[in-house]
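Novice: Could you have a look at this structure, given as structure tokens, before my questions?
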Amino acid sequence: MIDKTLFDMMPVIGCDCFIPNKRQWKSTEFQLLHQDEGRPNIRVAESPVKLTERQVLIVQPGQTISLAESGMDLRCIAFRSPFLQTVFDRFRPIRPVVSTLNDRTRDTLHELWTIHTVDALPLEPLKASCVLFSLVADLVANVRWDAAAEKNMPNETVGKSAPLRIGEGKFIIYAARFMKKRMADPDLSLPDIARAIGYHPNYFAQQFSQVMNISPMKYLKAIRVERAIQLLEATDDEVQTICEKVGIKKSNSLSAMIKERTGMRPVQYRRQVKISKMMWKGVAGSQTS
């Protein structure tokens with residue numbers, strides 16, 4: 001089984017998908033609100049919001065959300081996120097935050113609704129968190145942040161890190177995407193990543209850690225391991241082949257990482273996942289018959 005403390009290291013933690021059953025509630029976590037059809041009338045605190053099918057509302061914890069009418073097919077995703085909290089703390093938006101969906105983010109949003117967090121598949125919550133972070137990172141990059149937010153930011157006291165500007169936040173997100181795209185390169189280094197976004201390596205490492213709650217190279221290792229686990233689940237690739245796809249040079253290194261994450265060697269984990277899926281299909285089949 002996975003050590004539950006691993007989830008607290010994620011930039012996005014948890015993924016609770018639900019359809020509201022009341023017209024007003026208070027968010028205890030971050031929430032993404034979206035409706036496939038229609039233009040729902042929503043109020044966040046006292047601010048009205050009218051979403052289109054190509055928009056997502058990002059709500060902070062502690063906000064009161066009100067719907068104009070009940071029975072709306074509004075989809076909500078609740079989660080915790082040190083990354084997103086840093087974004088809101090730094091940018092201090094003064095109006096409800098609405099992001100535009102493109103085809104990729106819309107597909108990712110729909111994918112989250114197909115991931116079931118069941119005990120028989122212990123990695124599903126982790127997979128959901130990874131998919132959700134990919135979505136949140138894209139949504140943040142697509143937000144038109146209020147230009148006045150930066151002007152209203154308080155001055156930092158001497159000795160603290162300089163405030164993260166909106167442009168820098170986007171560059172950090174681009175760096176995360178760059179690592180995901182180039183993870184198969186086993187020689188991908190901190191200077192390579194920093195150079196791709198035009199940052200000095202030391203400054204990049206500081207800003208990335210501040211926003212993502214994890215160092216750049218630990219993040220690269222984490223997404224490599226996560227991708228390796230996905231390949232173990234979905235393919236019959238040999239361990240060495242998976243190593244080449246995720247940028248890990250030695251198969252014994254990957255085996256040690258997989259065991260650290262799952263408690264099992266790759267072959268054992270793949271076997272366990274197949275058994276779990278068969279058991280889950282059997283249970284689902286018995287419930288529908």
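The values are calculated or read from the model by the stated rules, or taken from the named source; none is laboratory data. Model, not experiment: these values are computed from the prediction. Glycine gets a Cβ as well: all are built from the backbone with ideal geometry, and neighbour counts include every protein chain shown. The protein model used for the area step is the full one, side chains on, heavy atoms only, and it has no ligands, DNA or RNA in it. Shrake-Rupley method; radii C 1.70, N 1.55, O 1.52, S 1.80 Å.
Novice: Mind counting the residues in the range 180-214 that are within 26 Å of LYS259 (Cβ to Cβ), modelled with pLDDT under 90 and not in a helix (DSSP H, G or I)?
Specialist: So the count comes out to 2.
Novice: Also, I was wondering about something else. Could you check how many residues of the range 197-226 are among the aliphatic types (A, V, I, L, M) and under 24 Å from PHE91 (Cα atoms)?
Specialist: So the count comes out to 5.
Novice: Just the residues that are part of a strand (DSSP E or B), open to solvent by less than 50 Å² (accessible area, probe 1.4 Å) and not aliphatic (A, V, I, L, M), please, taken from the range 65-89.
Specialist: SER66, CYS76, PHE79 - these are the residues of the range 65-89 that are part of a strand (DSSP E or B), open to solvent by less than 50 Å² (accessible area, probe 1.4 Å) and not aliphatic (A, V, I, L, M).
Novice: Got at least one residue in the range 244-261 being within 18 Å of SER129 (Cβ to Cβ) and within 20 Å of the chain's Cα centre (by Cα)?
Specialist: Yes - at least one qualifying residue is present in the range 244-261.
Novice: Are any residues in the range 231-263 outside any helix (DSSP H, G or I), more than 20 Å from LYS181 (Cβ to Cβ) and polar (S, T, N, Q), and if so, which ones?
Specialist: Selection gives nothing.
Novice: How many residues does the range 230-257 hold that are modelled with pLDDT of 90 or more and either open to solvent by less than 20 Å² (accessible area, probe 1.4 Å) or in contact with a helix residue (DSSP H, G or I) (Cβ under 6 Å, 6 or more places away or on another chain) (or both)?
Specialist: Residues in the range 230-257 being modelled with pLDDT of 90 or more and either open to solvent by less than 20 Å² (accessible area, probe 1.4 Å) or in contact with a helix residue (DSSP H, G or I) (Cβ under 6 Å, 6 or more places away or on another chain) (or both): 14 in total.
Novice: Would you point out the residue of the range 19-31, among those that are surrounded by 11 or more Cβ atoms within 10 Å (Cβ to Cβ) and of a type outside the set (S, T, N, Q), that is farthest from PHE133 (Cα to Cα)?
Specialist: Filtering the range 19-31 for residues that are surrounded by 11 or more Cβ atoms within 10 Å (Cβ to Cβ) and of a type outside the set (S, T, N, Q), the one farthest from PHE133 (Cα to Cα) comes out as ARG23.
Novice: Oh, and also: Could you go through the range 32-40 and let me know if any residue there is open to solvent by less than 50 Å² (accessible area, probe 1.4 Å), part of a strand (DSSP E or B) and touching a Ser or Thr at 6+ places or on another chain (Cβ under 7 Å).
Specialist: no
Novice: Output the residue which, of all residues in the range 196-217 that are within 18 Å of LYS181 (Cβ to Cβ) and not hydroxyl-bearing (Ser, Thr, Tyr), is surrounded by the fewest Cβ atoms within 10 Å (Cβ to Cβ).
Specialist: Only one residue fits best here, namely GLY198.
Novice: Does any residue in the range 210-226 that is more than 17 Å from LYS249 (Cα to Cα) come within less than 8 Å, Cβ to Cβ, of a residue that is among the small types (Gly, Ala, Ser) and modelled with pLDDT of 90 or more six or more places away or on a different chain, and which pairs are these?
Specialist: SER215/ALA205; PRO216/ALA205
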